[in-house]
1. Taking θ = phi - 60°, what integer Hz values does the Karplus form 6.51 cos²θ - 1.76 cosθ + 1.60 yield along region 389-400, in sequence order, with x for Gly and Pro?
2. Mind putting a number on the dipole of the chain about its Cα centre? Charges go on the C-beta only, +1 for Lys and Arg and -1 for Asp and Glu, and I need it in Debye to the nearest 20.
3. So I have [x] -0.74, -1.20; [y] -0.82, -1.21; [z] -0.95, -1.23, and one of them is log10 I(q)/I(0) by the Debye sum over Cα atoms at q = 0.10, 0.13 Å⁻¹ calculated from this model. Which one is it?
4. Could you please rank 226, 457, placing first whichever residue has the fewest other Cβ atoms within 10 Å of its Cβ?
5. Would you give the gap between the C-alpha center of region 151-212 and the C-alpha center of region 305-336, rounded to a whole Å?
6. Find out how many positive minus negative residues lie around residue 365, taking Lys and Arg as positive, Asp and Glu as negative, among other residues whose Cβ is under 11 Å from that of residue 365.
7. Please list 178-185, 313-320 highest first by mean number of surrounding beta-carbon atoms within 10 Å per residue.
8. For the chain, take the longest principal axis of its alpha carbons; what is the angle in degrees between that and the long axis of helix 431-452, to the nearest 10 within 0 to 90?
Amino acid sequence: MNPELRHRSLAPLVTVTVAALVFTILLLLVRLQWPPLESVDHGAAADINSLIAGHAALVTVVKAVTWLGSNGVLWTVIGAATVVLAIRGQWRLAVYLLVTGAGALTLDPVLKSLVGRLRPVVAHPIAHGTGDSFPSGHSLGSIVCYGAILLVFLPAARGRWRTAFITVTVALIALIGISRILLGVHYLSDVLGAWAAGLTWLGLTAFAFELTRSAAGQPVTSPVTDGLEPEAHADLKPAQPEPATGRRPGRVAAAVAVAWVLILGLIVGLGELITKDGNGNVLGDRTIPHWLAAHRTPSWTHWSLIFTTLGASQAILIVALATCVVFLAVTRHWRPVIFVATVMLGELAAFLAAAAVVRRPRPDVTHLDQHLPTSAYPSGHEAATCCLYVAMAILVIGHARGWWRWLFLIPAIAMPVLVALSRMYRGEHHPTDILGSVLFAALWLTATTLLIKPNADSAQDRPGVASAGPAAIARDTYV
């Protein structure tokens with residue numbers, strides 16, 4: 001091994017060793033309640049927490065930053081990246097992400113139980129933390145998970161993009177740790193100890209991955225500078241460059257915006273017509289909710305809750321994100337992602353705007369859902385469900401070639417019907433609320449499909465599949 005490579009390979013080892021030593025020292029000092037450290041920790045906790053206490057806007061920003069280090073977000077990021085790697089055939093990297101992330105999830109409660117440190121008590125508590133204090137779980141999880149993402153996808157970044165990738169990742173990890181102190185839920189040593197422990201675990205898993213490469217006869221590289229799998233850079237790139245089509249993105253975006261405004265105007269006008277000039281029982285607006293309320297049973301109520309939950313914002317967001325991740329991994333084009341994002345954001349904005357203008361009261365029956373924030377017209381659950389599942393069917397049918405693609409018509413039809421029935425059954429919407437949502441979804445999906453052309457890349461991909469490498473092979477299996 002030449003001296004330069006030996007020096008480069010020793011630097012990560014020294015860093016991990018120092019991190020492990022720092023964590024060990026901090027753990028012992030915290031466990032022994034060393035007075036100088038306790039004094040610094042308590043003073044810093046009070047002073048730093050007072051910086052944002054009483055500033056509502058700043059508190060909101062800090063809470064948003066700390067949310068990015070929560071287990072739900074971290075596992076979503078790890079899960080999405082793992083799916084992309086698996087679809088593109090990078091199984092070793094996928095396993096590495098899962099093992100590294102699972103290690104952080106295991107280390108946090110174990111280390112907390114070893115120390116048993118109580119959380120800070122500050123004059124102006126802003127947030128509430130559960131469990132013990134040392135080390136900070138958000139800080140530990142963020143440095144491990146975001147650090148692992150960095151090491152895996154670093155080969156895909158080149159030049160200034162690599163610098164930006166590293167800078168953003170490091171800044172995010174630092175801000176999450178600082179946010180925990182600002183919120184008054186952790187001491188300074190909790191965050192420093194978490195970073196040291198996370199860096200140690202991240203280094204150990206990276207060294208283990210390098211051993212698997214060495215055993216397979218692959219060249220030894222530096223994960224910090226080259227990434228874990230440098231030769232996989234083609235499969236790690238999120239997408240291929242979009243082919244020149246002669247269509248200007250700005251004009252397409254303007255056309256989409258104009259279509260959205262026109263469709264929104266139509267839906268709002270329909271709502272005003274129904275609520276202001278209708279006789280109160282258009283399409284059974286009064287009769288049907290009363291009939292459904294009179295025929296409620298425990299079994300039907302249970303099923304209605306299931307389908308109304310599937311049409312709620314959280315479930316819709318999860319399915320939409322999963323759809324974007326899978327299509328980006330398989331097609332290697334941004335167009336399907338842009339299509340889904342445009343459809344869903346347009347639906348959300350239109351729903352909020354129409355509800356604010358029309359302000360229709362909900363049916364005068366007992367409501368099974370409480371504290372609903374908007375008016376009855378239109379149904380946000382129904383509009384989101386229609387847009388999402390029909391958009392999925394459009395993408396799958398346009399990109400796939402097997403007979404099974406037509407099976408996606410089943411959820412595209414069944415889910416809107418079931419969600420609509422559940423919303424009316426639970427006394428939250430009139431039939432015309434559902435009608436307005438279905439009409440909006442039909443017009444909005446038609447406009448975005450014609451303008452964005454989400455399946456335009458599928459025909460261009462197929463001629464070059466045989467020579468396009470592992471990613472194209474995965475795509476060919478899909479189509």
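FYI, it's all coordinate maths here, none of it is from the lab. These numbers come from a predicted model, not from an experiment. Heads up, the Cβs are rebuilt from the backbone with ideal geometry, glycines too, and the neighbour counts pull from every protein chain shown.
1. 6, 6, 4, 4, 5, 4, 5, 5, 5, x, 9, 7
2. That gives the chain a dipole magnitude of about 700 debye.
3. [z]
4. 226, 457
5. Result: 28 Å between the Cα centres.
6. Working: positive: 286, 296, 362, 426; negative: 364, 428.
Taking every Cβ under 11 Å from that of residue 365, the sum is +2.
7. Details: 178-185: 24.2, 313-320: 15.4.
Taking the mean over residues of other Cβ atoms within 10 Å, the ranking is 178-185, 313-320.
8. Approximately 60 degrees, to the nearest ten.
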